[in-house]
Ligand code: HEM
C-alpha cells in the first residue's frame, strides 16, 4: 500500500498539515534503519585514529559533509568551520577513507612547512595536473618520477624557477620587461581616450595583465597575440578551475600553445625563464603537446593573482581620497629623470622603499583577499610539533583565510581594510612592528611551495598600480560621491586572490 502523502495547503497564510502519522510499517522501519545508520556514522566520524590526532569537528553529514560543503560553498565552507573553532590550532575533518587536517595557527603552519619530508605537496601534483591541464599519461608518468628527489621533472622545474625568480639579474630583467610592457599599454590606452570611458574595472585590469604577461613571458608570437579570442577562453578556464580540480568538467585543449611551440617561437621571442621551462620539459621527454599544456599553468600563475591584486589595490586606493592623496604624494620620490634626455620614469628599485603606503596597500589587499590553502599529503605517520599525530595518507591544509581573519593575530579590526597595519608609524601596526608571526601572512603560501614569483609580482603590481594612479582619475559610472568596494566572492575554491562579488563599473 502506498504511504499517504503529506499535504500542505496555503490559505490566507494559514497552514493546514495532513500528517504522515501514523506511519505505515514499511516507512517506520526505513526511518528507524536510516536513523540508526546516521547515528552510527555520526559517532564513527568522531572516533580518533590515534589519541593524539587533532580534535575532530564532526559534520552534520558524516564524512561527505566537508566535501559537499566545498562543492556548494567553496573555500568559505572550511573557513567558516575554522572561524567557529578558533580555539583549535588544528582540527580534523573526517572524509571517506581519509582525513583533512586543517591548520589555523601560524606557529603550527610553520611546523608543517618545516616537516617537508613527511608533509609534501608534490605527490599530489601529477593527478591535479592531469585533471586540470589534461596532459597525456606519458607526461603524468614523467611528473611521477623522482617525486621529492633531486632531478625529477618537478624538482628541476622548482629549482630553476626559484633561481630565476629570486633576487638577481634575471629577476630585474623580467621585472623591467613587465613594467615596460604594462606601462606601454596604459600609456597607449590613455593617449587614445578622447572622453571619459566607462569600464568594468576588473575586466579592464585583467585585459592589460593578460595580454602584457603573455607578451613579456612568451614574446610577440605568443598565442594570445595571435588568437585574441583566447583571452576570454583563458578567463573561462580560470573560472572553471574549481570544477576542473573537483573533476567536474572535461579538460581543455591547448592547440594554440602547441602551435606556438611547434613553430619554435619560444626559442626566438620568449623570456629566458620560459626558454628554460621548455628546455626542462623536453629534457624529461615531454612532447610539445604536453609542454604546451604545462605552460598554461605558468601563464596562469603569472596572470591571475597579479590581475586580481592589481584590481583591488587600484579600487581601494581610488575608493579612499585620503589614501589616494597619500599614495600620489609619495610616488614622485620613485620617479627619476634622465639627465641627458629629461625623460621621467618610475624606478623599480626605489618604488618599494620610497612608497611605503602603496606597499602597505598591496600587502593589505593580499591579507584581506587571499583565502588560499597550502596543501600537503601526509606521506608517513607524523608527530607534528611533538603534539599532534597525523596519519599517513591524510591531507593537511593551512587555512590562509582563517589566519588572515584572526583578531588574535591582526587586532580587533582584522575584518577591516586597514593598510596602516603594515606601516611602521601606522595606527594598528602590529604587523609592521614584527608582532605578527612570519607565517601568518599566507598570501604567497610558505615553506617549499612558497610562491617563487613573489618578488617579481611585488615589483610588477607596485609599478602597474603606480602607473594607473599617475595616469588616470577614476569615478563611479553613476556619479556617486564615493567609489564603493564590494565584498569578495568567497563561495569558490580559492585558487587565487578572490574576485569581487559584484562588478565595479567606473569611469576614467
Ligand atoms: C600577487 C601575486 C601572486 C600571488 C598572491 C601568488 C600566490 C601564490 C601561492 C599562494 C602559491 C602556492 C603556495 C603554496 O601552495 O604554499 C603560488 C605558487 C606559485 N606561484 Fe605565485 N603568486 C603570485 C604571483 C606569481 C607570479 C607573477 C608568478 C610567475 C611569474 C608566480 C609563480 C608561481 C609558481 C610557479 C608557483 C608554483 C610553485 C611550486 O609549486 O613550486 N606567482 N603563488
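The values are calculated or read from the model by the stated rules, or taken from the named source; none is laboratory data. This structure is a prediction, so every number in the text was calculated from the model and none was measured. Note that we place each Cβ from the backbone using ideal geometry, even for glycine, and neighbour counts take in every protein chain shown.
If only one of 155, 195 is away from the ligand (no atom under 14 Å from the Cβ), at negative phi and surrounded by fewer than 19 Cβ atoms within 10 Å (Cβ to Cβ), which one is it?
Working: 155 fails: away from the ligand (no atom under 14 Å from the Cβ).
Selected residue: 195, the only one of 155, 195 that is away from the ligand (no atom under 14 Å from the Cβ), at negative phi and surrounded by fewer than 19 Cβ atoms within 10 Å (Cβ to Cβ).
Here are some residues: 200, 172. Which one is at pLDDT below 95 and in contact with a helix residue (DSSP H, G or I) (Cβ under 8 Å, 6 or more places away or on another chain)? So that I can check it myself, show each step before the final result.
Values: 200 fails: in contact with a helix residue (DSSP H, G or I) (Cβ under 8 Å, 6 or more places away or on another chain).
Result of the check over 200, 172: 172.
Looking only at the range 67-121, how many residues end up being surrounded by 22 or more Cβ atoms within 10 Å (Cβ to Cβ), touching a strand residue (DSSP E or B) at 6+ places or on another chain (Cβ under 6 Å) and over 17 Å from residue 376 (Cα atoms)?
Looking only at that region, the number is 1.
Do you know which residues across the range 142-196 are farther than 30 Å from residue 466 by Cβ and touching a strand residue (DSSP E or B) at 6+ places or on another chain (Cβ under 6 Å)?
The one that is farther than 30 Å from residue 466 by Cβ and touching a strand residue (DSSP E or B) at 6+ places or on another chain (Cβ under 6 Å): 148.
Given (1) assigned to a helix (DSSP H, G or I); (2) modelled with pLDDT under 95; (3) touching a helix residue (DSSP H, G or I) at 6+ places or on another chain (Cβ under 8 Å), where does residue 188 come up short, assuming only one miss?
Evaluating residue 188 over (1) assigned to a helix (DSSP H, G or I); (2) modelled with pLDDT under 95; (3) touching a helix residue (DSSP H, G or I) at 6+ places or on another chain (Cβ under 8 Å) leaves (3) as the failure.
For the range 72-161, which fully contained helices (runs of 4 or more DSSP H) count at least 3 residues that are without any contact (Cβ under 8 Å) to a residue 40 or more places away in the chain and either touching a helix residue (DSSP H, G or I) at 6+ places or on another chain (Cβ under 9 Å) or within 26 Å of residue 301 (Cβ to Cβ) (or both)? Steps first, please.
Numbers: elements: 75-84, 106-114, 125-133, 137-144.
By residue number, 75-84, 125-133, 137-144.
So residue 276 fits all but one of (1) away from the ligand (no atom under 15 Å from the Cβ); (2) surrounded by fewer than 19 Cβ atoms within 10 Å (Cβ to Cβ); what number is the exception?
(1)
Name the single residue, out of those in the range 162-179 being free of Cβ contacts under 8 Å to residues at least 24 places away in the same chain and part of a helix (DSSP H, G or I), that is nearest to the ligand (Cβ to nearest atom). Full working, then the answer.
First pass over the range 162-179, keeping only residues free of Cβ contacts under 8 Å to residues at least 24 places away in the same chain: 163, 168-169.
Those still in the list that are part of a helix (DSSP H, G or I) too: 163, 169.
Values: 163: 12, 169: 16 Å.
That would be 163.
Failed condition for residue 386, given (1) within 16 Å of the ligand (Cβ to nearest atom); (2) out of contact with any strand residue (DSSP E or B) (no Cβ under 6 Å at 6 or more places or on another chain); (3) under 24 Å from residue 102 (Cβ atoms), with all others met?
Evaluating residue 386 over (1) within 16 Å of the ligand (Cβ to nearest atom); (2) out of contact with any strand residue (DSSP E or B) (no Cβ under 6 Å at 6 or more places or on another chain); (3) under 24 Å from residue 102 (Cβ atoms) leaves (1) as the failure.
Scan the range 457-478 residue by residue and report those that are in contact with a helix residue (DSSP H, G or I) (Cβ under 6 Å, 6 or more places away or on another chain) and within 14 Å of the ligand (Cβ to nearest atom).
457, 459, 460, 461, 462, 463, 464, 465 - these are the residues of the range 457-478 that are in contact with a helix residue (DSSP H, G or I) (Cβ under 6 Å, 6 or more places away or on another chain) and within 14 Å of the ligand (Cβ to nearest atom).
So is residue 12 at pLDDT below 90 and either in contact with a strand residue (DSSP E or B) (Cβ under 6 Å, 6 or more places away or on another chain) or exposed (fewer than 11 other Cβ atoms within 10 Å of the Cβ) (or both) or not?
yes
Collect the residues in the range 390-439 that are surrounded by fewer than 17 Cβ atoms within 10 Å (Cβ to Cβ), modelled with pLDDT of 90 or more and over 23 Å from residue 115 (Cα atoms), keeping them in residue-number order. If you could, list the steps in order and put the result at the bottom.
Step one: of the range 390-439, the residues surrounded by fewer than 17 Cβ atoms within 10 Å (Cβ to Cβ) are 392-393, 407-408, 412-413, 415-416, 424-425, 427, 430, 433-435, 437-438.
When the remaining residues are screened for being modelled with pLDDT of 90 or more, the result is 392-393, 407-408, 412-413, 415-416, 437-438.
Matches in the range 390-439: 407, 408, 412, 413, 415, 416.
Looking only at the range 417-431, decide whether some residue is outside any loop (DSSP other than H, G, I, E, B), touching a strand residue (DSSP E or B) at 6+ places or on another chain (Cβ under 8 Å), away from the ligand (no atom under 16 Å from the Cβ) and more than 22 Å from residue 493 (Cα to Cα). Before the answer, list the steps.
Looking only at the range 417-431, we keep the residues that are outside any loop (DSSP other than H, G, I, E, B), and these are 419-422.
When the remaining residues are screened for being touching a strand residue (DSSP E or B) at 6+ places or on another chain (Cβ under 8 Å), the result is none.
No, the range 417-431 contains no residue that is outside any loop (DSSP other than H, G, I, E, B), touching a strand residue (DSSP E or B) at 6+ places or on another chain (Cβ under 8 Å), away from the ligand (no atom under 16 Å from the Cβ) and more than 22 Å from residue 493 (Cα to Cα).
Going through the range 181-192 one residue at a time, which ones are within 16 Å of the ligand (Cβ to nearest atom) and either over 24 Å from the mean Cα position of the chain (by Cα) or farther than 20 Å from residue 451 by Cβ (or both)?
Just the residues of the range 181-192 that are within 16 Å of the ligand (Cβ to nearest atom), to begin with: 181-182.
Across the range 181-192, the qualifying residue is only 181.
Which condition number in (1) within 27 Å of residue 487 (Cβ to Cβ); (2) more than 16 Å from the ligand (Cβ to nearest atom); (3) surrounded by fewer than 22 Cβ atoms within 10 Å (Cβ to Cβ) is the one that residue 359 fails?
It is condition (2) that residue 359 fails.
It is to be established whether one or more residues within the range 235-254 are farther than 30 Å from residue 68 by Cβ, assigned to a helix (DSSP H, G or I) and away from the ligand (no atom under 13 Å from the Cβ).
Step one: list which residues in the range 235-254 are farther than 30 Å from residue 68 by Cβ, which gives 253-254.
Subsequent filtering for residues that are assigned to a helix (DSSP H, G or I) retains none.
No: zero hits.
For the range 282-314, name all the residues that are within 15 Å of the ligand (Cβ to nearest atom), over 18 Å from the mean Cα position of the chain (by Cα) and at pLDDT 95 or above.
314
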